[in-house]
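One structure below.
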Amino acid sequence: AWGLAGEQLLAPWGFLVHTIVIAAITATTYRIAIARKMVNQYPWIYERAGPLFWKERVPHRG
């Protein structure tokens, strides 16, 4: 923010906001990676239930 918008270099409010934004991005990408890994590593057990979640695969009764 300091280099782009000329804001104060050591502003506590800016530090807090940027830390929260980076933490949210990190948590989201971590959850996406874990969901992808669970579905790819155990395709016979889990299936995707959205980009952040997985669920147990229902066995087909034939």
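The values are calculated or read from the model by the stated rules, or taken from the named source; none is laboratory data. Predicted, not measured: the structure shown is a model, and the values here were computed from it. When we count neighbours, we look across all protein chains shown, and the Cβ atoms used for this are built from the backbone with ideal geometry, even at glycine. Surface areas here come from the heavy atoms of the whole protein model, side chains and all, with no ligands, DNA or RNA. Shrake-Rupley method; radii C 1.70, N 1.55, O 1.52, S 1.80 Å.
Things to note:
- Charged-residue dipole, Cβ positions (Lys, Arg, Asp, Glu), the chain about Cα centre, Debye nearest 20: 460 debye
- If you take all other residues with their beta carbon under 12 Å from the beta carbon of residue 54, and give Lys and Arg +1 and Asp and Glu -1, the sum is +4.
- Value of relative contact order over region 12-56, rounded to a whole percent, pairs C-alpha under 8 Å and six or more apart: 29 percent
- Angle between the chain longest axis and helix 12-41 axis [Cα atoms, degrees, rounded to 10]: 20 degrees
- Residue 10 accessible area, assembled protein chains, probe 1.4 Å, Å²: 150 Å²
- For the chain, the solvent-accessible area works out to 89 Å² per residue, with a probe of 1.4 Å and every protein chain left in place.
- Here's the picture: charge each Lys and Arg Cβ at +1 and each Asp and Glu Cβ at -1 in the chain, and of 23, 42, 52 the one pushed furthest to the positive end of that dipole is 42.
- Residue-averaged [θ]222 nm for the chain, counting only DSSP H segments that reach four residues, each worth -39500 (n - 2.57): -18500 deg cm²/dmol
- As a calculated quantity, the FRET efficiency between residue 58 and residue 27 at R0 = 35 Å, using C-beta atoms, amounts to about 0.75.
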